[in-house]
Amino acid sequence: MELTGAQIFIESLKKEGVTHLFGYPGGAVLYIYDAIYQQDAIQHILARHEQGAVHAAEGYAKANNKPGVAIVTSGPGATNAVTGIADAYMDSVPLVVFTGQVPRELIGNDAFQEVDTVGITRPCTKHNFLVENIEDLASTIKKAFYIATTGRPGPVVIDIPKDVSNEKTEFVYPETVKMRSYKPSIKGNPRQIKSAVDAMLAARKPIFYTGGGVILSQAADELTELVRRTGFPITQTLMGLGGFPMSDPQSLAMLGMHGTYEANMAMHKSDLVIAIGSRFDDRVTGNVEKFCPDAKIIHVDIDPSSISKNVKVDVPIVGQVKPVLAAILAELDQRDAIFPAGNIENWWKQINEWRKTDCLNFDNPGDVIKPQYVLQKLHEITAGDAYVTSDVGQHQMWAAQYYNFDKPNRWINSGGLGTMGFGLPAAMGVQLAYPESTVACVTGEASIQMCIQELATCKQYKLPIKVVLLNNGYMGMVRQWQEFFYEGRYSMSYFDSLPDFVMLAESFGHVGMMIDQHTDVESALKEAFDRKDDLVFMDFRTDPEENVYPMIPAGGGQSEMILV
Amino acid sequence: MRHVISILLENESGALSRVAGLFSARAYNIESLSVAPTVDPSVSRMTLVTRGDDHIIEQIIKQLNKLVSVVKLQELTPVEHIEREMVLIKAEVNDKTRDHVRMMTDIFKASILSVSPTHFVIEMTGERRKSQEFIDALAPAVVVEIVRSGSQGMSLSDKPLRSN
Ligand SMILES: Cc1ncc(C[n+]2csc(CCOP(=O)(O)OP(=O)(O)O)c2C)c(N)n1
């Protein structure tokens, strides 16, 4: 049957099993919006800004392990979406983003609302396409989903000229894709897997260092089995939290700039680092010259270009985390391998010494609300089972340090790009993916204002998100750096005017609460989370000058931590 | 170190800018780059010359491989290969220098493509080093314009670099 480009768009998304589409209309996509109007298999979520639409698609994808899908118009629609696309690129989030384009005959003419979307998004997408012929539309969509979700996942942009969306052609959706130029490897090299197992059996001071790849590859079970079987300690990156339960005694919590003392010291002193789905980011390594001086390094990653990029690796294993971990476990079985506790007894003794610094302990005299305390209570009241999104800043680090994620996909934040404004729209995507689950957005008063308009979207779609605003009156993370490294000159990191967040939430039709007493924290949280059907916006007035500790100053070595 | 990389990439709009964009985004340098379709018109072949230490070259190769438009690539530097560059040279000549230029053209096996009362246009094909020597040898004639094709490279192995 002949279908228009707009109808092909809908039918192709159905073939891909898409149920949610995040977007914002405009001239170049009006044929597509007309087709959206005439169907009900796919729910379109109308964001209030294209950045919000893309972050929502990201939140949906990160929680759900399915690709997120968004659609925006040409020109400003596309440029507004770029922040979300770049964010997804940095955190390897599978997205397919459709952008409208001016009609083909106007391309290159500086037409109304024309931008070179393919050019602008080239460096921040895994791949992108301009659909030049209607006959290519269906196969391009097929390829886009394939590229976005396989290998190292990432965003793919499809730019569709307006006239293409109105042309007709026979609709055939390809069953399979084969691309000679794109063949991601899945299984690791068996020889390297054997070497990895040899190294693990020989290690006396081993440590697992795992990242977002574990979550993306849905390999938490395999990881947990391997970590338990070896008895080795494990530390996780900001993106990997929950891949292994943080409340487990083998967990040393997060590493890196605001990681725990024991995690960073153990990395520094170890003789074997087993990196799995983590990428030796500068916020993790600190000064690479001083990084893990005595360790042999095993690195499992789907992306060959991540291996030996920042740090020289001894045993590289290119492959998807899940099958590689399964192969390592199978190799252990085959060898009847045991890891004698005696081999690493001294190592654990040393680690337990480091643990005694109790680096996440904080003074909580009760005269002010400590942000860390709010997060501990949030954990308690949600039984550690909420989906937690966050924005960027101190609150993000505290959430990572104090919520103690025990399950994968529960911690949804912007790690690579560090995008303020991510938290609220991402929470919308999560809530749409899991309507029955508890979703909390931990945020700061600066970050929340960057996508505050999405409160209206939450109202329209009745999304009962719980916004936990840790309101310290400052761009806290900026203020902290200014305190430490710029002699306390707080340049532009303080807002002289803030909205009344309670009234603001109410004006969007939500429930607002302001909490400024330590003793009210617990009851306020209880009350808010009991309101299952409402979005509750909690404005916690927290200690204005609290800092995130421990901290490795940028460029410092792993063992050079500021503890308090 | 100087490295020569042969790249087969999908012959589609934008493929070249993906490669060029990768180099600028990651601050790798491009010494020369030339590209044209192959026998298979759906594939273009690029010869790219770059410089960097082993670590950077390893990253460049991996990053190029990661581009969805790149079908296959081969690093030529470590294997036996030939490299050629074509240079067109416009030289100003007069009664004093004309014979000298003709002699040098013979010695270097270059050829004169066009002659006017005051200028020669000369084609020279060879290794980059040799074409530079030729240009230097033309003095005292004055070279007023030069265009280089950039290096073309091919391995001497019997096994062809092909897209399938
Ligand atoms: C879009 C964007 N602009 C600027 C920054 C730089 N930045 C990082 S943290 C931060 C302050 C965040 O303040 P707030 O949201 O109040 O959180 P807090 O640190 O106080 O918890 C800023 C400005 C950023 N990460 N993202």
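The values are calculated or read from the model by the stated rules, or taken from the named source; none is laboratory data. Note that the structure is predicted; figures quoted are calculated from it, not measured. Ideal geometry is used to build each Cβ from the backbone, glycine not excepted, and the neighbour counts take in all protein chains shown. These accessible areas exclude ligands, DNA and RNA; they are computed on the full protein's heavy atoms, side chains included. Shrake-Rupley method; radii C 1.70, N 1.55, O 1.52, S 1.80 Å.
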How are the alpha carbon pair distances in region A:186-311 distributed across 5 Å bins from zero to the largest one, expressed in percent?
2, 12, 23, 28, 22, 12, 2, 0
Please find the FRET efficiency linking A:V502 to A:E380, where r is the Cβ-Cβ separation and R0 is fixed at 25 Å, and quote it to the nearest 0.05.
0.55
Area projected by the alpha carbon convex hull of chain B, averaged over all directions, nm²
11.3
Provide the solvent-accessible area of A:D314, counting protein heavy atoms only and rolling a 1.4 Å probe, rounded to the nearest 10 Å².
80
Do any GluC sites (Glu not before Pro) in region A:387-487 lie in a loop, going by DSSP, with at most 16 other beta-carbon atoms within 10 Å of their beta carbon, and if so which?
A:E436, A:E487
How would A:F171, A:F112, A:F280 line up by accessible area, probe 1.4 Å, largest first?
A:F112, A:F171, A:F280
Label points 7 Å out from Cα along the Cβ direction at B:D54 and A:R229: separation in nm?
3.4
Tell me the label-point distance for the pair A:F112, A:A202, using the 7 Å Cα-to-Cβ offset, in nm and rounded to one decimal.
7.1
Using alpha-carbon coordinates alone, the radius of gyration and Dmax of region A:1-157 in Å work out to 14.1, 41
What full-extension length gain, to one decimal in nm, is calculated for A:E527 and A:K14 as 0.36 nm per residue of separation minus the Cα-Cα distance?
180.7 nm
Report, to the nearest whole %, how much of the accessible area of region B:2-75 belongs to carbon and sulfur atoms, 1.4 Å probe, protein only.
55
What are the ³J(HN,Hα) couplings of region A:211-227, residue after residue, when phi is run through the Karplus curve with 6.51, -1.76, 1.60 and θ = phi - 60°? Round to Hz, x for glycine and proline.
x, x, x, 5, 5, 4, 8, 6, 10, 4, 5, 5, 4, 4, 4, 5, 5
According to the Cα gyration tensor, what semi-axes, each the square root of 5 times an eigenvalue, does the equivalent ellipsoid of chain A have, listed from largest to smallest in whole Å?
39, 32, 20
Indicate the residues belonging to region A:294-328 that lose 50 Å² or more of solvent-accessible heavy-atom surface (probe 1.4 Å) upon moving from the chain alone to the assembly of all protein chains, ignoring ligands and nucleic acids.
A:S305, A:K309
Considering only DSSP beta bridges whose two residues both sit in the protein assembly as shown, what percent are antiparallel, to the nearest 5?
45
Rounded to whole Å and sorted largest first, what semi-axes of the equivalent ellipsoid does the C-alpha gyration tensor of region A:371-541 yield via the square root of 5 times each eigenvalue?
24, 18, 16
Ordered by packing density, taken as the mean number of other Cβ atoms within 10 Å over each peptide's residues, highest first, how do B:138-146, A:252-260, A:422-430 rank?
A:422-430, A:252-260, B:138-146
Which lysines, if any, have their Cα less than 16 Å from the Cα of A:K194, not counting same-chain residues under 8 positions apart?
A:K296
Taking a probe of 1.4 Å and leaving out DNA, RNA and ligands, chain A shows per residue an accessible area in Å² of 38
Between B:R84 and B:D136, what's the calculated FRET efficiency when r is the beta-carbon distance and R0 is 22 Å? Round to 0.05.
0.70
Mind listing the long-range amide H neighbours of A:G557? Cut-off is under 5 Å, sequence gap 5 or more, other chains count too, H placed in the peptide plane at 1.01 Å from N.
A:N287
Give me the net charge of A:D406's neighbourhood, meaning all other residues with Cβ under 15 Å from the Cβ of A:D406; Lys, Arg count +1, Asp, Glu -1.
-1
Could you work out the equivalent-ellipsoid semi-axes for region A:394-484, taking the square root of 5 times each eigenvalue of the Cα gyration tensor, largest first, in whole Å?
23, 16, 10
Distance check, please: which entries in A:K322/B:K66; A:K126/A:K459; A:K407/B:K72; A:K377/A:K407 exceed 29 angstrom between their Cα atoms?
A:K126/A:K459; A:K407/B:K72
Hey, can you list the residues from region A:92-132 whose accessible area shrinks by 50 Å² or more with all protein chains present, relative to the chain by itself (probe 1.4 Å, no ligands or nucleic acids)?
A:R122, A:H127
Straight-distance crosslink candidates among lysines, where the alpha carbon sits under 22 Å from A:K290 and sequence neighbours closer than 8 are dropped
A:K205, A:K269, A:K309, A:K312
With viscosity set to 1.567 mPa s and temperature to 4 °C, compute the Stokes-Einstein D of region A:304-362, Rh being the Kirkwood radius across alpha carbon pairs; µm²/s, no decimals.
85
What accessible area, summed over both chains, is buried at the A-B interface (1.4 Å probe, Å², nearest 100)?
1500
Rounded accessible area per residue of chain B, 1.4 Å, Å²:
54
So for region A:256-373, averaging the separation of alpha carbon pairs under 8 Å that are six or more residues apart and normalising by length, what relative contact order in percent results?
24
With the calculation restricted to Cα positions, what are the radius of gyration and Dmax of region A:12-69 in angstrom?
11.4, 32
Tell me, what is the percent relative contact order of chain A, built from C-alpha pairs under 8 Å that lie six or more residues apart?
14
For region B:29-113, the percent of all C-alpha pairs falling in each 5 Å bin, from 0 up to the bin holding the max distance, is 3, 9, 15, 18, 13, 10, 9, 9, 8, 4, 2, 0
In terms of the Cα gyration tensor, with a ≥ b ≥ c the square roots of its eigenvalues, is region B:2-75 rounded because a/c is under 1.5, prolate because a/b exceeds b/c, or oblate?
prolate
At R0 = 25 Å, how high is the FRET efficiency between A:D314 and A:E289 if r is their beta carbon distance? Nearest 0.05 is fine.
0.90
Aspartates and glutamates with Cα under 12 Å of A:K66, excluding same-chain neighbours fewer than 8 positions away
A:E16, A:E58
Give me the one-decimal Kirkwood hydrodynamic radius in Å for region B:82-152, with the sum taken over alpha-carbon pairs.
11.9
Work out from phi, with θ = phi - 60° and the Karplus expression 6.51 cos²θ - 1.76 cosθ + 1.60, the ³J(HN,Hα) of each residue of region A:166-177, listed in order in whole Hz, and give x for Gly and Pro.
10, 7, 10, 7, 5, 8, 10, 9, x, 6, 9, 10
Taking θ = phi - 60°, what integer Hz values does the Karplus form 6.51 cos²θ - 1.76 cosθ + 1.60 yield along region A:555-564, in sequence order, with x for Gly and Pro?
x, x, x, 4, 8, 9, 9, 8, 8, 9
Determine how large the accessible area of A:F485 is when every protein chain is in place; take a 1.4 Å probe and give Å² rounded to the nearest 10.
80
How large a share of the accessible area of chain A, in percent, is made up of carbon and sulfur atoms when the probe is 1.4 Å and the other protein chains stay in place?
50
